[in-house]
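Some notes on the structure that comes next.
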Amino acid sequence: MSIAENIIHWYKNNGRDLPWRHTKDPYLIWLSEIILQQTRVDQGMPYYYRFVDAYPTVNDFAQADEEGILRLWQGLGYYSRARNMHKAAKLVMTDFGGIFPRSYTQLLKLPGVGEYTAAAISSFASNEKQAVVDGNVFRVLSRYFGIDTAINTSAGKKQFAQLASALICENEPGMYNHAIMDFGALICKPKAPLCEQCVLRLGCVAYNQDLISILPVKLKGKASRNRYFHYIVVEKAGEWVLTKRGEGDVWANMYEFPLIETPGDMESEEIMALPEYQAIFGKAKIISIAEPIKHILSHQNIYARFYQLQEAASVIEKNPHWNYYNSDNLDKLAKHKLIFSFINKNIMY
DNA sequence: AATTCGGGGTA
DNA sequence: TACCCAGAATT
């Protein structure tokens, strides 16, 4: 039995039953694939149901407003995925006559759809013979064949893509793609893989040469940097001030409280002495209202503190340059994790 | 070719 | 703590 036949056989008995595998609708498959980029199935599942319910068709998605889409995406991270989806949906309506593409080449034209996602959708929706290469495939192939080329180099990506294409099943490429990803997720796991249950272990180089913990090889990236955020929670008669982040930084376009970032950690006294604080709040005093929070992202550690204006200052006039939101409207805004978890804990009891 | 885009699970 | 997850876009 070939490696592909082996994996497919395993899959037919052990594969996961996932909702997006019950459809051939490229739109629904696309929804699932974007949601699952760099995201575990368990984490993405509730979001998939949420989006299918809110936007059953690509036309519904295209006509939605971006705020609503981002609000649904709230908490999932990598928010540019949601904005690219909106662009892609509109592109399908304008350039594809409202018919969601299902071929590899056409899918690649959609923003947010790269080689992996195009291969996935085209193979699942049309049974096109395009091999997916995701984290699972890198791991399974590098271990089975004992390939130590780093997977996060262009040489590695090229080598594994060629190998994956050579291995893909002729008759059922879609099922093969599902199978090898499930196999990587359930058996050939990153840590503590279930080699005793593995149907490929007899031919697996990593298993036979004790290289499981070595493969796949991945070059280390840059260390994380530290950032220090100070959020000023301004409330006036049951309404809160939130501002929208810009582009070009983490959490693009997401809402948060007015923010002052400092190069190092600071106490409230030092914050109040900053020109950028005084330009907005004058001599109003702030007090810390919550424990500092360490929020860890892939490439930065964010140390966040939350403050409020002291009571004498809390009756200051509304600032005409700010937007105020009552608790209902606050809930509708698309906020990043740091903010909505603060709100859930301290405002929306 | 390297970096950046989140958030959470696992050992 | 370090690594990983149905990766893609930007620099």
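The values are calculated or read from the model by the stated rules, or taken from the named source; none is laboratory data. Everything numeric here is computed off the predicted structure, so don't read it as measured data. In this analysis, Cβ positions are derived from the backbone assuming ideal geometry, glycine residues included, and neighbour counts consider all displayed protein chains.
Summary of values
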| item | result |
| --- | --- |
| Among (1) near DNA strand C (Cβ under 9 Å from one of its atoms); (2) more than 19 Å from the chain's Cα centre (by Cα); (3) under 19 Å from A:M85 (Cα atoms), the one test that A:G112 misses | (2) |
| Filtered residues of segment A:168-197 (kept if modelled with pLDDT of 95 or more and over 30 Å from the mean Cα position of the chain (by Cα)) | A:E196, A:Q197 |
| The one condition in (1) in a helix (DSSP H, G or I); (2) more than 16 Å from DNA strand B (Cβ to nearest atom) that A:M85 fails to fulfil | (2) |
| Extreme residue, surrounded by the most Cβ atoms within 10 Å (Cβ to Cβ), among residues of segment A:281-331 that are among the aromatic types (F, W, Y) and at pLDDT 95 or above | A:Y307 |
| Selected residue (only one of A:L91, A:L76 is away from DNA strand B (no atom under 16 Å from the Cβ) and either within 28 Å of A:K244 (Cα to Cα) or among the aliphatic types (A, V, I, L, M) (or both)) | A:L91 |
| Among residues of segment A:120-168, those that are part of a loop (DSSP other than H, G, I, E, B), within 18 Å of A:M181 (Cβ to Cβ) and either in contact with a Ser or Thr (Cβ under 8 Å, 6 or more places away or on another chain) or within 11 Å of DNA strand C (Cβ to nearest atom) (or both), counted | 8 |
| Search result, residues across segment A:11-38 that are closer than 20 Å to A:L70 by Cα and within 16 Å of DNA strand B (Cβ to nearest atom) | A:L31, A:S32, A:E33, A:I34, A:I35, A:L36, A:Q37, A:Q38 |
| First in segment A:75-92 and farther than 18 Å from A:L333 by Cβ, second anywhere and of a type in the set (D, E, K, R) and more than 6 Å from DNA strand B (Cβ to nearest atom), Cβ under 8 Å, 6 or more apart | A:L91/A:K109 |
| Options A:V41, A:V52; residue that is more than 16 Å from DNA strand B (Cβ to nearest atom), surrounded by 15 or more Cβ atoms within 10 Å (Cβ to Cβ) and either more than 12 Å from the chain's Cα centre (by Cα) or modelled with pLDDT of 95 or more (or both) | A:V52 |
| Hits in segment A:227-239 (condition: at pLDDT 95 or above and out of contact with any Lys or Arg (no Cβ under 9 Å at 6 or more places or on another chain)) | A:R227, A:I232, A:V233 |
| Long-range neighbours under 7 Å by Cβ, at least six apart or interchain, first residue part of a helix (DSSP H, G or I) within segment A:176-190, second among the acidic types (D, E) and within 14 Å of DNA strand B (Cβ to nearest atom) | A:M181/A:D134 |
| Matching residues in segment A:215-243 - criterion: being closer than 21 Å to A:N344 by Cβ and either among the aromatic types (F, W, Y) or exposed (fewer than 15 other Cβ atoms within 10 Å of the Cβ) (or both) | A:F229, A:Y231, A:E235, A:G238, A:W240, A:T243 |
| Selection within segment A:13-30 - part of a helix (DSSP H, G or I) and in contact (Cβ under 8 Å) with a residue 24 or more places away in the chain | A:N14, A:P19, A:W20, A:R21, A:P26, A:Y27, A:L28, A:I29, A:W30 |
| Residue within segment A:302-311 that is more than 16 Å from DNA strand B (Cβ to nearest atom), of a type in the set (D, E) and not in a loop (DSSP other than H, G, I, E, B) present | yes |
| Scan of segment A:33-67 for residues that are of a type in the set (D, E, K, R) and assigned to a helix (DSSP H, G or I), ordered by number | A:E33, A:D42, A:R50, A:D53, A:D60, A:E66, A:E67 |
| Cross-chain or 6+ apart pairs with Cβ under 9 Å, segment A:254-267 first and assigned by TED's automatic domain parsing to the domain that holds A:V233, then assigned to a strand (DSSP E or B) and within 16 Å of DNA strand C (Cβ to nearest atom) | A:G264/A:N226; A:D265/A:N226; A:D265/A:Y303 |
